[in-house]
Amino acid sequence: MTVNKSKVTQHASESNPLILMAAFPGEGHTNPLLVIAAYLVKKGYEVVFVTTEDFRNKVEEAGAEWVPTNNPLTNTTYQALREAASLPIGPERFAAQIKAVFLETLPPRTLKMEEVLSQLQARNPVRQIIVVEDIFNWSLFPFRHGRPLPQGFNTAPKSIGIGVAAFMMESQDTGPVSLGLPADATDSGRQRNAVL
């Protein structure tokens, strides 16, 4: 898929860095970045947003250029989630779910990011590109850990990670988040939490 400059973003100043945004395709991951995209467009930035067809209208309403990508969640992902659900509730199950959803689906997200970065670099080789993605998308991790950079890049583009998850804070009154236990400030609850 080629990246074409959208008429929506033609008013943006090319003296500003181009902002490339990506989010894991879920409402809670994508919607917070759409708010940021709309703000940046209003401030004169050209924003390109890589996401699935489900979010196309929202991306275009924000004034950003939409670049399509496939949903990384496949039948293989759902099978792995079914297998993870058979594990007892706890850290092992949580790790299996994170692996199935975010880690095992990383290769296609990284390939898409590589493709889009190369195309945007070719569009204007001297313009800085800044990647903004939700921290669960992870598409730049491989480039920071040994994967060859996209064509046209000598250094990895600067990036900003946006945290979209609920604030998780440890406390003597709470058990591990992945267990779904309610807070318990009683002596027995605090003992339970200390053991967990």
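The values are calculated or read from the model by the stated rules, or taken from the named source; none is laboratory data. This is a predicted model, so every value here is computed, not measured. All Cβ positions, even for glycine, are placed from backbone atoms using ideal geometry, and neighbour counts span all protein chains on display.
Of the numbered conditions (1) at pLDDT below 95; (2) within 15 Å of Pro17 (Cα to Cα), Leu117 satisfies every one except a single condition; which is it?
Going through (1) at pLDDT below 95; (2) within 15 Å of Pro17 (Cα to Cα) one by one, Leu117 breaks only (1).
Can you tell me how many residues within the range 26-39 are at pLDDT 95 or above and either surrounded by 23 or more Cβ atoms within 10 Å (Cβ to Cβ) or among the charged types (D, E, K, R) (or both)?
Residues flagged as at pLDDT 95 or above and either surrounded by 23 or more Cβ atoms within 10 Å (Cβ to Cβ) or among the charged types (D, E, K, R) (or both) within the range 26-39 amount to 3.
Gly44 - would you say it is closer than 30 Å to Gly175 by Cβ and surrounded by fewer than 17 Cβ atoms within 10 Å (Cβ to Cβ)?
It is false that Gly44 is closer than 30 Å to Gly175 by Cβ and surrounded by fewer than 17 Cβ atoms within 10 Å (Cβ to Cβ).
With the checklist (1) in a helix (DSSP H, G or I); (2) closer than 20 Å to Ile162 by Cα in hand, flag the one item Tyr45 doesn't pass.
Result: Tyr45 fails condition (1) only.
Name the residue that is nearest to Val126 (Cα to Cα), counting only residues in the range 147-190 that are hydroxyl-bearing (Ser, Thr, Tyr) and in a loop (DSSP other than H, G, I, E, B).
This residue is Thr155.
Just checking, how many residues over the range 1-25 are crowded, with 17+ Cβ neighbours inside 10 Å, at pLDDT below 75 and either in contact with a Lys or Arg (Cβ under 6 Å, 6 or more places away or on another chain) or of a type in the set (A, V, I, L, M) (or both)?
Total meeting the criteria: 3.
Of all residues being among the β-branched types (Val, Ile, Thr) and in a helix (DSSP H, G or I) in the range 61-77, which is nearest to the chain's Cα centre (by Cα)? Just the residue, please.
Going through the range 61-77, the residues among the β-branched types (Val, Ile, Thr) turn out to be 67, 69, 74, 76-77.
Checking the rest, the ones that are also in a helix (DSSP H, G or I) come to 76-77.
Working: Thr76: 20, Thr77: 17 Å.
Among those residues, the one meeting the criterion is Thr77.
Any idea how many residues of the range 73-125 are among the β-branched types (Val, Ile, Thr) and in contact with a strand residue (DSSP E or B) (Cβ under 7 Å, 6 or more places away or on another chain)?
Qualifying residue count, the range 73-125: 1.
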